[in-house]
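**Q** For reference, the structure I am asking about is given below.
No value in this document is a laboratory result; all are computed from the given coordinates. Given the structure is predicted, the values throughout are model-derived calculations rather than measurements. Every residue, glycine as well, gets a Cβ built from its backbone with ideal geometry; the counts of neighbours run over all protein chains shown.
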Amino acid sequence: MRKGINPTATLRPSKARIRDSFERAAPTYDGAADIQRRICTQLAAGLPDIAPARLLDAGCGTGFAQDDLQARFPNAHSVALDLSPAMLDRVATPCCRVSGDLEHLPLADASLDLYWSSLAVQWCDLGTSLREAHRALRPNGLVALASLGPATFHELRHAFADVDDYRHTLSFHSENEIRKIAVNQGFATVNTKKSTKTAFYADFKTLLRAVKAIGANQLGDGRRTSLMSRTTFQRAEAAYEELRRSAGLPLTYDVIYLYAQK
């Protein structure tokens, strides 16, 4: 068995660890979230012509999507939900703010017309989250969701491949898996699409700091629990430098968009 990895390891960190990570990241998130904003904008671009009376921004973070959603749907009652109270505190757009878990929505059955979620469900069990979305949606209600695919942060896996045997990224569902999970949760119409977004950084240390600044550095079992030695850091840094492009060191987001109607 590879050192540091349990074959029955929890694929995601506990909810407490996720909450704590985003609590700490709240002050730095907006300054580091350029890719996250671009993904959010592309998710909005794929919305059909709808007029929801009530919408949920599930995993709203600091509320970047709220301005766009409320501009598109000015008559909708908007609910912003996040696991992290510190993130919710930074939502500036007027809306109903709720601290909650995507796997256990504090919402009544058939109470939503639009379930919106950008880069949040990868921290959850997708089947459970979509089952909750289906429960909370009214007939013909819509899920518009952006998540991450298996190629996300593949550069980090390359950098550490010959350095240690710890997990350095989450496990992500493929586009086909996401589509099947949505169908299995009872959605009548399911459409997906993919895109790739790449951020570039001047050096390895800056890249790692940026990942931490958006709260994306938390992992489940199999993660490194001790400090990284200088030698380990230098070896990983050298491996990452092999990937350098003219724009800098790349970090890839393999983005999967889901639009599913109840």
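**Q** Kindly list, by first and then second residue, each pair from a residue in the range 130-150 that is of a type in the set (Asp, Glu) to a residue that is buried (at least 21 other Cβ atoms within 10 Å of the Cβ), limited to pairs with Cβ atoms under 7 Å and residues at least 6 apart or on different chains.
**A** 132/102; 132/105
**Q** Here's something else I'd like to know. Here's a check for you: in the range 118-132, which residue that is crowded, with 17+ Cβ neighbours inside 10 Å and in contact with a helix residue (DSSP H, G or I) (Cβ under 8 Å, 6 or more places away or on another chain) is farthest from residue 170 (Cα to Cα)?
**A** Applying the filter and picking the extreme gives 130.
**Q** If a residue has to be crowded, with 19+ Cβ neighbours inside 10 Å, within 24 Å of residue 27 (Cβ to Cβ) and among the hydroxyl-bearing types (Ser, Thr, Tyr) to count, how many in the range 79-117 make the cut?
**A** Looking only at that region, the number is 2.
**Q** Any residue in the range 199-210 that's surrounded by 13 or more Cβ atoms within 10 Å (Cβ to Cβ): show its pairings with residues that are part of a loop (DSSP other than H, G, I, E, B) at Cβ separation under 7 Å, as long as the two are six or more apart or on different chains.
**A** Short answer, once both residue conditions are applied: 200/247.
**Q** So if I check each of 43, 55, 47, which one is over 16 Å from the mean Cα position of the chain (by Cα), buried (at least 21 other Cβ atoms within 10 Å of the Cβ) and either at negative phi or part of a helix (DSSP H, G or I) (or both)? So that I can check it myself, show each step before the final result.
**A** On the way: 43 fails: over 16 Å from the mean Cα position of the chain (by Cα); 47 fails: buried (at least 21 other Cβ atoms within 10 Å of the Cβ).
Being over 16 Å from the mean Cα position of the chain (by Cα), buried (at least 21 other Cβ atoms within 10 Å of the Cβ) and either at negative phi or part of a helix (DSSP H, G or I) (or both) holds for just one of 43, 55, 47, which is 55.
**Q** Inspect the range 177-196 for any residue being among the hydrophobic types (A, V, I, L, M, F, W, C) and under 15 Å from the mean Cα position of the chain (by Cα) and give the result as yes or no.
**A** Start the filter on the range 177-196 by keeping residues that are among the hydrophobic types (A, V, I, L, M, F, W, C), which leaves 178, 181-183, 187-188, 190.
Cutting the leftovers down to under 15 Å from the mean Cα position of the chain (by Cα) gives us 178.
Within the range 177-196 (the criterion being among the hydrophobic types (A, V, I, L, M, F, W, C) and under 15 Å from the mean Cα position of the chain (by Cα)), the answer is yes, since at least one residue qualifies.
Conditions tested, residue by residue: (1) more than 29 Å from residue 115 (Cβ to Cβ); (2) crowded, with 20+ Cβ neighbours inside 10 Å.
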| site | (1), (2) |
| --- | --- |
| 146 | no, yes |
| 160 | yes, yes |
| 175 | no, no |
| 179 | no, no |
| 184 | no, no |
| 191 | no, no |
| 215 | no, yes |
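**Q** Do any helices (runs of 4 or more DSSP H) lying entirely in the range 160-262 carry at least 1 residues that are basic (Lys, Arg), closer than 27 Å to residue 30 by Cβ and in contact with a helix residue (DSSP H, G or I) (Cβ under 9 Å, 6 or more places away or on another chain), and which ones are they?
**A** Here the list reads 204-213.
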